[in-house]
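Student: Next up is a structure, given as structure tokens.
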Amino acid sequence: MPSALALEKKIEFYTREPSILFCRNNRKKKSKFYNMLLHLQDETRTRKLGSLLSGILQGHGPCTVLFQGPLGSGKTSLIRALVEQYPGGEQAEVNSPSFNLVNIYPTSPEIIHLDLYRIEPGGSDELVEEYLGLQTSQILVEWSEHLPEAVYPEHYLSVGLDYRGSARKAAITAHGEYAEQILAGLRDRCRGTWCKDPV
């Protein structure tokens, strides 16, 4: 799974405000918006991205989202903003379930929030695999870099986060045609709301 740093080696990271870059998929010619790289100036923009992604997911239906990034990169902030936009999200107490592995929020559809920080990289957990196989719930996974590739779902979004000071960058990658549709919708929503396309 490409990380934020791996994607940065392939495509230039724009720093002017606001900043957004779309990159064609080099491996699947039919895909128009396979990668998206965002510069988020502060936590407000990070939360805004979560809200926009939430709207797209609700419009299309559940698609697993795998989050990667170091501590303090904004994974939980983004997830909190995403959950709050769902029906019932105002009743959810969103935090990283590092100790109990999973939080299930009373949203519609149900959101399952997994945190794999305490799982050994490449390790396997039957409960995690069971949740990843659900089709009717929205699955959000923090520290997904600890997952073995064998258990990745067929269609998913990968969100790699990194930070420098208060600014963050988000590298979003679509895996599978269904995820590509969601990423294309997110691109349009970002462009129309608070981003400009520099390419």
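Read-outs: derived from the displayed coordinates by stated rules, not from any lab. Not measured: the values here are computed from a predicted model. A quick note on method: Cβ atoms are made from the backbone with ideal geometry, for glycine too, and the neighbour counts reach across all protein chains shown.
Student: With a/c under 1.5 counting as rounded, go ahead and sort region 27-154 into rounded, prolate or oblate using the C-alpha gyration tensor (a ≥ b ≥ c being the square roots of the eigenvalues; past the cut-off, prolate if a/b is larger than b/c, else oblate).
Tutor: On the way: a/c = 1.24, a/b = 1.07, b/c = 1.16.
The shape class here is rounded.
Student: Using a cut-off of under 13 Å, list every residue of region 88-107 whose amide N is near the label point 7 Å from the Cα of L127 along the Cα-to-beta-carbon line.
Tutor: 97-104
Student: What does the highest-first list of 81-89, 46-54 look like by mean Cβ count within 10 Å?
Tutor: Values: 81-89: 19.3, 46-54: 21.3.
In descending order of packing, they fall as 46-54, 81-89.
Student: Subtract the Cα-Cα distance of N100 and I119 from 0.36 nm times their separation in residues, and report this length gain in nm to one decimal. Each step should come with its number before you reach the end.
Tutor: On the way: separation 19, 0.36 × 19 = 6.84 nm, distance 1.13 nm.
Length difference between fully extended and current span is 5.7 nm.
Student: For the pair R164 and Q135, what calculated FRET efficiency results from E = 1/(1 + (r/R0)^6), where r is the Cβ-Cβ distance and R0 = 30 Å, to the nearest 0.05? Each step should come with its number before you reach the end.
Tutor: Details: r = 38 Å, r/R0 = 1.26.
Efficiency at R0 = 30 Å is approximately 0.20.
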